[in-house]
Each structure stands twice: as structure tokens, then as C-alpha cells.
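Single-structure report; data block below.
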Amino acid sequence: MQFPTIIQGGMGVAVSNWRLARAVSLLGELGVVSGTMLAVILARRLQAGDPGGDMRRALAHFPIPGVAERVLADHYLPERTKTALPFMLTPMTSLQPGPALTELTVAANFVEVFLAKEAHPGVVGINLMEKIQLATLPSLYGAMLANVDYVLMGAGIPRSIPGVLDHFAAGAAAELRIDVTGAQTGEEFYTKFAPAALWHHAAPSLPRPKFLAIVSSATLALTLAKKSNGRVDGFVVEGEVAGGHNAPPRGPLQLSPAGEPVYGPRDVPDFAKIRELGLPFWLAGSYARPEKLAAALSVGATGIQVGTAFAFCEESGILPELKLEAIRASRAGRSRVFTDPAASPTGFPFKVLQMRATLSEPEVYAARTRVCDLGGLREVYRKEDGSVGYRCPAEPVEAYVRKGGNAADTTGRKCLCNGLAATVGFGQRRDGAPEQPLVTAGDEVVDLARLVPAGAESYRAEDVIRYLRG
């Protein structure tokens, strides 16, 4: 079986968009789209008028009758500009989402994968987060409708996902157990998705994509290989220098003088034990160099996953002005990545790129009005009456506490949903002011300039692949 040597990381929100994944796939490697908040992204692309018509072209190929027409009727605004008015909000996902949100989520994931795979034979994957459970089932089904080749998932222990892929491949319904804070012993909560309900008749069988789990240790890889409810096809072994969310250090959390989590010898993956599992694996986290690729192959890895190097290339979703600023900051030696232990509502450490005041100074972000209106990282909790509620430590403090949350958990939290959406040009406008972007990157971003051709101010995905291949 032929596997890619280079996996392009699936970076959200919409950083790893269909254009980037398509470009990498056309070069013979694994291009990956991010599945994070794609319902919001599709809705806002349509509200912005769908320049170029890519969303509408993909929706015209959506196989389930009526869905594309309803999505367009709800969200497409050809006369609206994304700079003049606030975006209309999409419903926040829940344990039992309404049919309109379910259709939008399925369609959005279909669209992203369809465009990445359009008119070429290359392979394409989708990356989802275990921590964002509520949208997982319709997201996976939408991607599978577009014949996605790989599913990658981390930020948790996704033992149930292989079985979900098996069910959807057979046209059958699937369910996913949801983590609910405060659930009592023996109490379990599920979200369910039945393809037949969307088709209004028996659902067709679909190709089953390969499943790659993103792990940080041999122990986690062994657990997933032995205890998942279906076939795991390989692993991406990610270190703490990678961008986005990082696995917390093993043992009690200790912070450096700068306030970052301290990682030690226990956090170094045992590649020999992972190799013994007999499954392909890729190494990630500052491996975007030819010598690092060679080193990965020498320890038995199939290849490497690369995120940050692709995040700032021309094809990615990050706003061009932010890419230019990151490249110039790298050249000037003034970019820095801060591993923030408190930023993410998930509780996982989160990398924040610091290259200018609007992106780095705590008081700038602290001045932002706290609001949770996208809900991608909301926590599901059990109410006293046995029903479930939703809360986020980045929402207004009084609202979070009213829902039973601890006020101390709100300190330092940032609204990643809105901040990351702004990074790719789909930030909300509030009282006439645009949402400030929040940029995440791996530690290698400080040396980003090495990828830029002489005399240029930008680079392409092709430049990254050529550099890595030596």
C-alpha cells in the first residue's frame, strides 16, 4: 500500500482550506482540509457573495436532493459585502442539532473536500478535533460523501471514530458518546446521525477512508491500536512544538518563568514502541526540514506532517497581510510563539504567534467584549434535572458562573472561534469594529523566511514541497 511521505497539516479555522489541500495533493502528497467550524465558514463565504462561484459550483454536485437549494436559500447573499455588515450567525451545535444546521454541516464538509479533490486523482484528507464532538458525525458524513481519502483526528482519544467510519461506509446510522461534565455514574449521553434520514430512503454505501490518529505518546498509540472500535490505519506523532493545540505535559502542570507549560523526558514519544505496532506513522512538530525528514525515515517513520510551513504559503486561508507580516517578522527576528496554558477553552495548551501588538499584548485581547456566539468549543454539562447545558469559559464570566462554572476557569481564556475566523477573513463586526485575528503557529515560524525565494515576499506550497524533498 502506497502512503504519502508528506502530510500537510489540517489547520483550522480554514487555514488548511481546499485550495491549500488541492495544491499539495496535486504535488503527490496528502493535502488535508480542516473540518473545524466549516458550517460557519461556508455560511460566511456565501454571505460574502461567493466570489468566483466555487461554493455554488461544489453545492451543485451535492448528491442529496434539496439540501444545496436550502443552504443557498438560507445563506447566499450575492449583493452583500463582508466588510459592510455583520455576518448572520449560524446556530450553535448541540446534542440534538436542528435539521438546517445538520444539512449545513454535511454540505460544508462535502464542499471543502469536493473542491480539494476536483478534477485530479490525488489523495485528500480531513482533520477534525476529538474535543469538538458535537459536529463530528455530520462532518464525517459530508466528507465521506465527497470521497475523502483520509480522516485525521487528535486533541483527545478518538477510539470511536473508526467504528463510525465503518457504519457510514455501510450506509448505516452511527452514534458518538459525548463527554458531559458532571455526568453521574452509569449515565451516558450520545449524539446520533442517520444518513437515511438525510436521504429520506436507504443511504448508499460509501468508500471507507483511512483513519490516522494524532497522538503524543506510544501509550496513546497502543491504546488506540488495541481498543478502538474499528481499524486504525496509522498515527501522526506530534510533539509540543507543533502549532495549534498541544497535548498537556504528563504529570502535574508546571510553568516556566515565562508562563509556558514545561515538558520533560516523559513527554518524548518512544518511536521504537510505536514502530512495533506495525502501522505507518508520521512525525510532526518542527520537522519541516530535509534533514528532519531523513531523520524521521531513519527511525522507521513513513514520513512527516508539516503544518506551519504550509500555513503561511500563498494558498492557505490566512489573510495575505498577516502572512506578509509573519514573513517580515521572521526575517527581522522578532516573531515569537507563546504556548499559552490558559487561552483555549479546551484546557489544552495553545500556541499563539506574537509578532505585533494587536496579536500579542494581553491588554489588547482583554479589552475585547466577551461573547460566545459560535460555540465550537463549548463544554457540555449536566444540569441538576438531568438535562444538558452548554457553557464556555471564554463567554461572559457571569453567564459561565450562572451555569455552574468556576469563575477561576475564565481567567486568560480567549475566544478561539471568533479570533481564528478573523485570521482567515471571516471575523465578525461588532459595533462597527472588526474582530481581531488570533494567529497560531508552531515554533518553526521564527525561521519562516527560509522558504521564501530570493527577491520575493511570499512563497507557494510547491516551494515547501521542493524544499522538503531537498
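The values are calculated or read from the model by the stated rules, or taken from the named source; none is laboratory data. Keep in mind it's a predicted model, so treat the numbers as computed, not measured. Please note: Cβ atoms are built from the backbone with ideal geometry, for glycine as well, and neighbour counts cover all protein chains shown.
Evaluation of A107 against the conditions (1) more than 19 Å from the chain's Cα centre (by Cα); (2) closer than 30 Å to Y381 by Cβ shows that the sole unmet condition is (1).
Checked against the criterion of being assigned to a helix (DSSP H, G or I) and either in contact with a strand residue (DSSP E or B) (Cβ under 8 Å, 6 or more places away or on another chain) or surrounded by fewer than 23 Cβ atoms within 10 Å (Cβ to Cβ) (or both), segment 142-150 has at least one qualifying residue. What do you reckon, is R80 out of contact with any Leu (no Cβ under 8 Å at 6 or more places or on another chain) and modelled with pLDDT under 95? Yes.
Tallying residues that are more than 27 Å from Q8 (Cα to Cα) and part of a loop (DSSP other than H, G, I, E, B) within segment 151-182 yields 7.
Check whether at least one residue in segment 106-126 is over 18 Å from L137 (Cβ atoms), exposed (fewer than 15 other Cβ atoms within 10 Å of the Cβ) and not hydrophobic (A, V, I, L, M, F, W, C), and report yes or no. Yes, segment 106-126 contains at least one residue that is over 18 Å from L137 (Cβ atoms), exposed (fewer than 15 other Cβ atoms within 10 Å of the Cβ) and not hydrophobic (A, V, I, L, M, F, W, C). Of all residues in segment 18-39, those that are out of contact with any helix residue (DSSP H, G or I) (no Cβ under 7 Å at 6 or more places or on another chain) and over 19 Å from F211 (Cβ atoms) total 3. With respect to (1) closer than 16 Å to L448 by Cβ; (2) under 24 Å from the mean Cα position of the chain (by Cα); (3) of a type in the set (K, R), the lone exception for R370 is condition (1). Selection of segment 17-40 for residues being out of contact with any strand residue (DSSP E or B) (no Cβ under 8 Å at 6 or more places or on another chain) and either surrounded by fewer than 24 Cβ atoms within 10 Å (Cβ to Cβ) or of a type in the set (S, T, N, Q) (or both) yields R19, L26, L27, G28.
Of the helices (runs of 4 or more DSSP H) lying entirely inside segment 376-470, the ones with 1 or more residues being at pLDDT below 95, buried (at least 22 other Cβ atoms within 10 Å of the Cβ) and out of contact with any helix residue (DSSP H, G or I) (no Cβ under 8 Å at 6 or more places or on another chain) are found at 416-423. Taking segment 4-16 as the range and being buried (at least 24 other Cβ atoms within 10 Å of the Cβ) and either in contact with a Pro (Cβ under 8 Å, 6 or more places away or on another chain) or polar (S, T, N, Q) (or both) as the test, the residues that pass are Q8, S16.
Can you confirm whether segment 399-410 contains a residue that is closer than 27 Å to T105 by Cα and within 26 Å of the chain's Cα centre (by Cα)? Scanning segment 399-410, I find at least one residue that is closer than 27 Å to T105 by Cα and within 26 Å of the chain's Cα centre (by Cα), so the answer is yes. Among the acidic types (D, E), surrounded by fewer than 24 Cβ atoms within 10 Å (Cβ to Cβ), touching a Ser or Thr at 6+ places or on another chain (Cβ under 9 Å) and closer than 28 Å to V236 by Cβ - does that describe any residue in segment 169-177? Within segment 169-177, one or more residues are among the acidic types (D, E), surrounded by fewer than 24 Cβ atoms within 10 Å (Cβ to Cβ), touching a Ser or Thr at 6+ places or on another chain (Cβ under 9 Å) and closer than 28 Å to V236 by Cβ.
What tally of residues in segment 41-95 results from selecting those that are part of a helix (DSSP H, G or I), buried (at least 18 other Cβ atoms within 10 Å of the Cβ) and in contact (Cβ under 8 Å) with a residue 40 or more places away in the chain? Matching residues across segment 41-95 total 10.
Of the residues making up segment 191-213, none is touching a Pro at 6+ places or on another chain (Cβ under 8 Å), at pLDDT below 90, part of a loop (DSSP other than H, G, I, E, B) and buried (at least 18 other Cβ atoms within 10 Å of the Cβ). Pairs are defined by a Cβ separation below 9 Å, a sequence spacing of at least 6 or placement on different chains, a first member in segment 255-274 that is over 24 Å from F235 (Cα atoms), and a second member that is in a loop (DSSP other than H, G, I, E, B) and among the charged types (D, E, K, R); the pairs so defined are P261/E240.
Once segment 228-285 is narrowed to residues that are assigned to a strand (DSSP E or B) and of a type in the set (A, V, I, L, M, F, W, C), the residue that is farthest from L176 (Cα to Cα) is L255. In the condition set (1) touching a Leu at 6+ places or on another chain (Cβ under 7 Å); (2) touching a residue at least 60 places away in the same chain (Cβ under 8 Å); (3) in a helix (DSSP H, G or I), L324 is compliant with all but (1).
Filtering segment 30-47 for residues that are polar (S, T, N, Q) and within 30 Å of R466 (Cα to Cα) leaves a non-empty set. Counting only residues that are in contact with a Lys or Arg (Cβ under 9 Å, 6 or more places away or on another chain) and not aromatic (F, W, Y), segment 310-327 holds 7 of them. Does T185 meet the test of being of a type in the set (S, T, N, Q) and either buried (at least 20 other Cβ atoms within 10 Å of the Cβ) or not in a loop (DSSP other than H, G, I, E, B) (or both)? Against the criterion (of a type in the set (S, T, N, Q) and either buried (at least 20 other Cβ atoms within 10 Å of the Cβ) or not in a loop (DSSP other than H, G, I, E, B) (or both)), T185 does not qualify.
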